[in-house]
Every structure is written in C-alpha cells, then in structure tokens.
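Step one of this worksheet: look at the structure below.
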C-alpha cells in the first residue's frame with residue numbers, strides 16, 4: 001500500500017494535534033488539577049501515535065507511546081503534575097514538531113530522542129525531575145554544535161537579506177585550549193573581535209551559557225560581516241588560548257534551507273462548506289453533543305491544497321481584467337442590451353470575487369497559536385514572569401499576508417520580552433506587579449487588519465534612543481532637536497540601531513527591527529510605535545486584507561497612467577499656484593496647519609512629455625504613518641479595483657513602483673509605492 005498519497009494529510013493533522021498538545025499543556029501548567037486537560041493531551045498523543053505507526057515513522061510512534069504512559073499515570077492519579085514533568089513533556093512535543101517538520105521538508109523524520117524517552121521513563125517510575133535542574137536543562141540544545149546551527153524563519157530572513165546586500169554570512173567555530181582557565185574572559189575577547197568585524201546573529205551555546213562557562217571548549221557564532229574568512233581567522237587566532245578557528249560560509253546551507261522552505265510553503269487550506277437547511281428541517285440528528293456538552297451545527301469540510309486556490313485566484317484575476325475591458329467597450333458602444341449584460345456580469349463576478357477572497361482568508365490564530373509557548377520559554381530563560389493575553393485570534397487575513405507576517409511578530413514579541421518587560425525585582429521596586437503582561441490584539445477596521453503588541457514594561461527611553469541615534473550618525477544634532485516623540489520612537493527601526501547594553505540571543509543586535517519594518521511595508525502595510533516611559537510600549541501594524549486585488553485612484557501624467565492605492569490616500573485637491581510655498585529649497589503646501597512637501601511624479605518617474613504652464617496643481621495627499629506628502633499629477637481619472645501584477649524578476653528594483661495592472665482599455669498602469677516616496 002502506497003502511503004505517499006496520505007502524506008499531506010498526515011503532516012497537516014500532525015501539526016493540529018501538536019498544536020493542541022501545546023495549548024493544553026500551557027493550560028495545564030496554570031491548572032495542574034484539571035484532568036480533562038490531561039485527557040485531551042492523551043487523546044492527541046494517542047492519535048498521533050497511531051497515525052505515525054501506520055505511516056512507518058517509528059521514532060514519532062515511540063516517543064508518543066512513552067508520552068501516553070506518563071499522561072495515563074497522571075489521569076489515574078499515580079503521578080502529580082509538576083514543573084519538572086511539564087518541562088520534559090514540553091521537550092517531547094518540541095522533538096515531535098522537529099520530526100514532523102523534517103518529514104514535511106522531505107526527510108525521514110528520524111531524530112535521537114533517547115534522552116527524552118529516558119526522562120519520561122524516570123517520571124513514569126515516580127522519580128522526581130526538578131525544573132531548571134541539570135537534567136531538565138540537558139533537554140534543551142546546549143554544548144557543542146556539530147553540523148551547523150539551526151535557524152528559525154526570522155534568522156534565515158536576516159541572513160538571506162544581508163547576503164543579498166553584499167555581506168558575508170559565516171558560521172565561526174572557535175575551539176579553546178583544554179587547559180584554558182578563564183573561559184568566560186576568552187569568550188568576551190573573542191566577541192569583542194567579532195563585534196568590531198560585523199553583527200552577531202546567533203550564538204550556540206547561548207551568550208548566557210558562554211558567560212557562565214556552560215560549555216566544553218568549543219562554541220559557534222553566526223556573523224554578518226564585510227570581512228573575508230581568512231582575515232577573520234587571523235584576528236581570532238591572535239586571542240590568547242584559542243586553539244583552533246574555522247570560518248565557514250553558510251550560503252550553501254541557507255540555499256538548502258530556502259529549498260526546504262519552498263516545500264513548506266504549500267500548506268493545506270481548509271474550506272468550510274456549511275449545509276444550510278430550513279429551520280423546520282433541522283432535527284436532533286443534525287447536531288450531536290460534544291465532549292464539552294455543546295451542540296455543533298452540521299458541517300461538511302474538505303481539504304484543498306493551497307496551490308489550487310492560488311490557481312483559482314489567478315484565473316479570477318484574468319476575469320477581472322476582461323470585465324474591465326468589457327465595461328470599457330460597453331461604454332463606447334452604448335448598446336442597451338450589452339450594457340445590461342455587462343452590468344449583470346459585473347454583479348456576478350463581484351459576488352464570485354467575495355467568495356474566492358473569503359476562501360483564501362485564514363484566521364490569524366494560525367500564527368498566534370505558536371506564541372504562548374515561545375513566550376513561556378523565553379520568560380523562563382530570562383527569569384521573568386510574563387503573561388501573554390491574545391485578543392481577536394479569529395480575525396481573518398489573506399493567506400499570502402499570513403505567510404509573511406509571522407516572522408515580524410516573533411521579533412516584536414521577543415523585543416517586548418527582552419527589552420520591554422522588566423525583571424520581577426525591578427517591577428516590584430517600581431510599584432508594579434512582578435508579573436508583566438503582553439497583549440497581542442488583532443481586529444478589522446475598514447479594508448485593513450490591525451495587529452497590536454502592547455506591553456506594560458519600561459517603555460522606550462527617548463533620551464537613550466536619541467543619544468544612540470546621534471552616536472550612530474542616524475540623525476544629526478539639528479534634526480534631533482526637531483523630532484517629535486513618535487519620530488524618536490521610529491528611530492529604533494533604523495538599520496543597525498540597538499540600545500542593548502550587551503549581546504542578547506532573544507531580540508538580536510539591531511539587525512531585526514529594520515527588517516520588521518521592511519517586511520511590513522513590502523506587504524503594503526505600516527507600523528507605528530507609541531510609548532510612555534515607565535508604563536510600556538505599543539507597536540501597531542496596519543495590513544491590507546488582501547494583496548491580490550486592490551482599490552486604486554487612477555491618475556494621468558502626460559500620456560501615461562498610474563495607479564495610487566486608496567489605502568495611502570488622505571484627500572485629493574486642486575491647489576492654486578499662489579498657494580504653493582518654498583521651504584528649504586523645496587515646494588510645499590499648508591494642509592490643515594501642517595507643512596506638506598510636494599513631489600512631482602513627472603520628474604520622479606521621468607515621464608516624457610512637453611511641460612506646460614499651469615495656474616493650479618492636481619495634488620493627491622498621501623500618508624506613511626504620521627508623515628504626509630503631496631503627489632502632483634496632471635489629472636485624476638477615477639477610482640477602480642485592479643489586479644496587482646508583479647513586474648517580474650528583471651524589474652525587481654524599480655524605484656517607488658510596487659507592481660502593475662492591466663486596465664479595461666488594455667493599457668498597463670504602474671502602481672505607485674507611496675511608502676517608498678515618503679522618507
């Protein structure tokens with residue numbers, strides 16, 4: 001029997017069961033006496049065991065079987081739920097997730113889980129394992145790296161983008177002499193050399209473990225630098241008591257990871273088809289009580305590969321283009337029968353558009369559900385008490401946006417955990433609760449989704465940010481004096497900016513927030529920061545519901561047509577020539593008490609044509625966060641829904657153009673990227 005046909009379903013359902021395990025384990029940690037939660041975890045582990053055994057993945061089946069034994073002992077009242085027990089079970093779930101990811105990437109799903117199985121057996125026999133003891137600590141990845149570091153999605157993005165900008169990405173392995181007495185001091189000297197050479201992305205063992213000398217004689221560091229490998233090796237070998245240095249280019253490994261990621265980017269989307277019946281036809285058989293006692297409506301669901309939805313969306317985009325063409329022809333011919341047919345087709349295609357877009361919508365819960373576990377682990381690592389509150393997880397976003405937003409959210413959460421929330425003793429001394437709170441919210445507003453990350457921590461120190469920005473030459477003394485509070489907060493997203501007093505594996509070294517901002521803006525969104533020193537910070541992200549079809553304002557410059565997204569537009573206006581002022585050698589206008597610079601798109605895009613003298617300007621005022629700009633055009637054509645098309649691989653770096661669209665008359669209109677125009 002060929003099992004390959006069931007592989008996709010196995011991977012998807014395994015992820016669902018593992019997510020259920022994580023969620024219920026987190027709930028069990030708060031309510032150790034709730035045996036219903038234990039039963040839910042047992043049920044997920046049991047199902048996963050049966051599935052993996054059928055598919056031939058013995059390592060998964062073996063580990064879940066041992067988990068079952070421990071969970072069954074808890075259900076029977078023979079084992080108490082302790083912090084040490086939960087640490088081991090959490091570690092087992094981590095191993096299971098790694099094995100499923102290996103299978104998804106085309107691997108065999110094999111993994112050495114003997115240590116975790118051994119600890120589970122110890123627990124089953126009644127031997128106590130204390131949380132944070134040496135045994136529990138050994139379950140995490142420590143000590144000597146062997147085949148290169150493992151990177152999460154965000155770290156991969158940082159390395160990939162750095163390489164694209166011409167930097168070298170190295171894994172630097174350093175071996176100290178066996179008789180080295182002050183290992184921590186040597187580590188400090190080595191890191192000092194590396195920091196001067198570039199930016200440290202990751203260290204293994206972690207920086208804290210290296211400082212506490214929790215390693216043998218070897219450790220590994222990932223470095224982004226402009227220096228060459230040989231030059232770096234020579235510098236490190238000059239540090240006393242360094243025995244050996246190996247600097248390896250990681251381009252091939254990253255390339256391999258990208259290939260694996262392409263395989264991962266074909267998840268199965270679930271479409272829910274609800275069977276609607278008149279109320280008189282609904283019988284008791286249409287709804288059965290669940291284990292929780294609730295009634296559920298009768299539904300039928302099928303699993304559809306997301307690639308099929310992408311194909312359907314591409315076909316519909318072509319239909320939208322043809323619809324616009326037909327509307328244009330209909331207006332020219334002015335035939336009543338044709339007008340009525342086109343109008344009816346427009347209504348039908350509009351309904352079809354809504355259905356297809358809704359099919360592609362995914363709840364942000366699919367991204368949010370991995371964060372509670374991450375926050376728990378990072379809080380323990382930093383010895384902080386942190387509670388994560390999630391609101392609006394059922395908010396829906398287009399699948400393409402969901403795929404891209406995960407990594408920025410991970411880094412913003414890490415930033416709040418590391419730099420935002422204070423240590424318990426500091427919070428207590430400041431009159432706060434020892435437990436800090438991070439709120440993760442999502443909600444709809446118009447054609448956008450807003451995601452907020454708010455913490456009740458220390459807030460952003462404006463003076464410290466300005467001092468660092470001046471020292472790093474990100475701003476000048478003159479500019480700094482004119483900055484408003486929000487503009488100061490935005491400086492932390494400048495490339496290379498960091499106020500950290502020492503290296504941290506949690507939120508990086510200034511190679512993160514600029515990537516977060518770039519990623520969000522590439523999605524047609526924006527990020528704003530608000531903070532009150534001593535009370536906390538809020539990062540607010542605005543995202544479009546979908547990236548495929550957008551509402552735009554069509555404009556004309558000479559004989560060329562351009563499209564400006566309505567989401568960026570505040571107002572359109574006709575400005576008299578005498579109302580245009582000059583300030584700092586640029587033309588500006590006064591808009592409701594604010595000085596707004598004018599940008600002449602004719603000059604910016606080099607549109608050919610004969611310039612003419614005008615008594616007034618057609619201006620579109622657009623925004624990027626709190627910043628405004630006035631785009632000067634020849635004329636307004638009107639609003640329209642258009643299909644966003646990529647410019648292709650040969651035109652990836654065109655300034656201030658995010659794509660193109662085909663209009664109803666067959667002409668191509670370039671779509672203006674307002675975020676790139678406003679500095």
- From DSSP H assignment alone, runs of 4+ in the chain each adding -39500 (n - 2.57), the sum over residues rounded to the nearest 500 puts [θ] at 222 nm at -13000 deg cm²/dmol
- Message: To test your reading of the geometry: what angle, between 0 and 90 degrees and rounded to tens, separates the Cα axis of helix 83-104 from the longest principal axis of the chain?
- Response: 50
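Work the Kirkwood hydrodynamic radius out for segment 4-137: mean of 1/r over every pair of different alpha-carbon atoms, inverted, in Å. If you can, show how the numbers build up before the last one.
Details: mean 1/r = 0.0673 Å⁻¹.
That comes to 14.9 Å for segment 4-137.
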- Item | Degrees between helix 183-197 axis and first principal axis of the chain (Cα, 0 to 90, nearest 10) | 20
- Tensor-based shape of segment 8-74 (alpha-carbon gyration tensor, a/c under 1.5 rounded, otherwise prolate or oblate): oblate
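Taking only the Cα atoms of segment 168-258, how large is their convex hull per residue, in Å³?
Value for segment 168-258: 91 Å³ per residue.
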- Message: What do you get for the angle between helix 336-360 and the principal long axis of the chain? Use alpha-carbon atoms, 0 to 90 degrees, nearest ten.
- Response: 20
- Message: Of the listed values [x] 14, 44, 33, 9, 0; [y] 15, 45, 27, 11, 2, 0; [z] 18, 47, 28, 6, 0, identify the label whose number matches P(r) over Cα pairs in 20 Å bins from 0, in percent calculated from this model.
- Response: [x]
- Output ordering of 454-460, 65-71, 394-400, 338-344 (per-residue mean of other Cβ within 10 Å, highest first) is 454-460, 65-71, 394-400, 338-344
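Fully extended, how many nm does the chain gain between residue 551 and residue 78 (0.36 nm per residue separation, minus their Cα-Cα distance)? Please list the in-between numbers first.
Numbers: separation 473, 0.36 × 473 = 170.28 nm, distance 6.20 nm.
Separation in residues times 0.36 nm, less the Cα-Cα distance, equals 164.1 nm.
Quick one, what does Rg over Rh come out to for segment 365-544 if you take C-alpha atoms and the Kirkwood Rh? Walk me through the numbers before you get to the answer.
On the way: Rg = 16.2 Å, Rh = 16.9 Å.
Over the Cα atoms of segment 365-544, Rg/Rh equals 0.96.
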- Pairwise label distance in nanometres, residue 192 with residue 647, each label 7 Å out on the Cα-Cβ vector: 4.7
- Message: With the crude spin-label approximation of a point 7 Å out along Cα→Cβ, what separation in nm comes out for residue 586 versus residue 616?
- Response: 2.5
- Spin-label zone in segment 188-231 - amide nitrogen under 20 Å from a point set 7 Å from the Cα of residue 495 along the C-beta vector: 195-202, 223-228
- Task: For segment 549-677, just list the percent of Cα-Cα distances falling in each 5 Å bin from zero outward, please.
- Result: 2, 10, 21, 23, 21, 13, 7, 3, 0
- Query: Exposure proxy check: 63, 523 ranked by fewest other beta carbons within 10 Å?
  - Reply: 523, 63
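As a footprinting exposure proxy, order 607, 622, 643 by other Cβ within 10 Å, with the fewest listed first.
Ordered from fewest to most neighbouring Cβ atoms within 10 Å, 607, 622, 643 come out as 607, 643, 622.
Given a Förster radius of 56 Å and the C-beta distance between residue 114 and residue 463 as r, what FRET efficiency does 1/(1 + (r/R0)^6) yield to the nearest 0.05? The partial results should precede the final answer.
Details: r = 53 Å, r/R0 = 0.95.
Efficiency for this residue pair is about 0.60.
Only the coordinates and a few stated rules stand behind these numbers; no lab work does. Since the structure is predicted, the reported quantities are computational estimates derived from the model, not experimental observations. Glycine gets a Cβ as well: all are built from the backbone with ideal geometry, and neighbour counts include every protein chain shown.
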